[in-house]
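The values are calculated or read from the model by the stated rules, or taken from the named source; none is laboratory data. All figures in this text were calculated on a predicted structure; none of them were measured in a lab. Glycine also receives a Cβ, built like all others from the backbone with ideal geometry; neighbour counts cover every protein chain displayed. Heads up: the accessible areas ignore ligands, DNA and RNA and are worked out on the full protein's heavy atoms, side chains in. Shrake-Rupley method; radii C 1.70, N 1.55, O 1.52, S 1.80 Å.
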Amino acid sequence: MNIILLGPPGAGKGTQAAKLVEERGMIQLSTGDMLREAKASGTEMGKKVAAIMDAGELVTDEIVIGLIEEKLEGDTGGGFIFDGFPRTLPQADALGALLKKHNQTLDAVIEMRVDDEVLVGRIVGRAEEARKAGQPVRADDNEESLKIRLMEYYKKTSPLIGYYWAKGDLKSVNGLGTIDEVQGEIAEVLGA
């Protein structure tokens, strides 16, 4: 089973992906993790990624698709969770073509719906809790950074909601529930 977790920053995609990995043996494909892994690998692709990232530039869609293709050619486990990809309509088209090339399907796109004001409160609260506990606080866990990230999400990624709805792949869950409640809704979407 291959799924996309779709939602704004801070919606809990990474948390829910970790639960699916643990419970269903799925493989989480987080583009950020894949890029860091490639950079550290020393392979030809890794050297290319390292040069781009070290220059402070954005890695091209072509490279990200190449990294995803490498993963699709390996162990497929219980299927893939695409976390942080696709972010744009061209990336969605490229992913669809790649899955088709490898005789794979996209089984569900799960939109984690959230209210922006509640989300901002959640992120600011998470940062405050970490600070009080003496733990490191993510540099982007503040209201100003989150609003910038949300603007990017709405400009580039939110069109995917309509794209996947029109294809009949989109299912929505309430991303503001507790971790267990959201996990339960996702399990229902995936057929428990």
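Observations on the model:
- Largest to smallest accessible area among 58, 170 [probe 1.4 Å]: 58, 170
- Mean separation of Cα pairs under 8 Å and 6 or more residues apart, divided by the residue count, gives the chain a relative contact order of 31 percent.
- For the chain, the residue among 174, 106, 21 whose Cα projects farthest onto the positive side of the dipole built from Cβ charges is 106.
- Kirkwood analysis of the Cα pair distances in the range 109-160 returns a hydrodynamic radius of 12.1 Å.
- Surface accessible to a 1.4 Å probe, residue 36 within the full protein complex, Å²: 140 Å²
- Selection among 12, 81, 161 by position relative to the dipole of the chain gives 161 as farthest towards the positive end (Cβ unit charges, Cα centre).
- Stokes-Einstein, applied to the Kirkwood radius of the range 1-66 over Cα pairs at a viscosity of 1.567 mPa s and 4 °C, places its translational diffusion at 97 µm² s⁻¹.
- Among 182-188, 136-142, 8-14, 114-120, the order from most to least packed when residues are scored by Cβ within 10 Å on average: 8-14, 182-188, 114-120, 136-142
- About its Cα centre, the chain has a charge dipole of approximately 200 debye under the convention of +1 per Lys or Arg Cβ and -1 per Asp or Glu Cβ, with nothing else charged.
- 28 Å Cα-Cα threshold exceeded, pairs from 48/167; 19/167; 19/48; 39/167; 13/100: 48/167; 19/48; 39/167
- Computed with a 1.4 Å probe over protein heavy atoms only, the accessible surface of the range 14-173 comes to 57 Å² per residue.
- Share of carbon and sulfur in the accessible heavy-atom surface of the chain [1.4 Å probe, %]: 51 percent
- Label-point separation in nm, residue 172 to residue 43, each point 7 Å along Cα→Cβ: 3.9 nm
- Evaluated at q = 0.13, 0.14 Å⁻¹: base-10 log I(q)/I(0), Debye formula over Cα of the chain: -0.75, -0.87
- Added length on full extension, which subtracts the Cα-Cα distance from 0.36 nm per residue, residue 156 to residue 88: 23.9 nm
- Note on residue 45: accessible area is roughly 40 Å² with a 1.4 Å probe, heavy atoms of protein only.
- Once the Cβ-Cβ distance of residue 115 and residue 135 is raised to the sixth power relative to R0 = 30 Å, the FRET efficiency obtained is 0.70.
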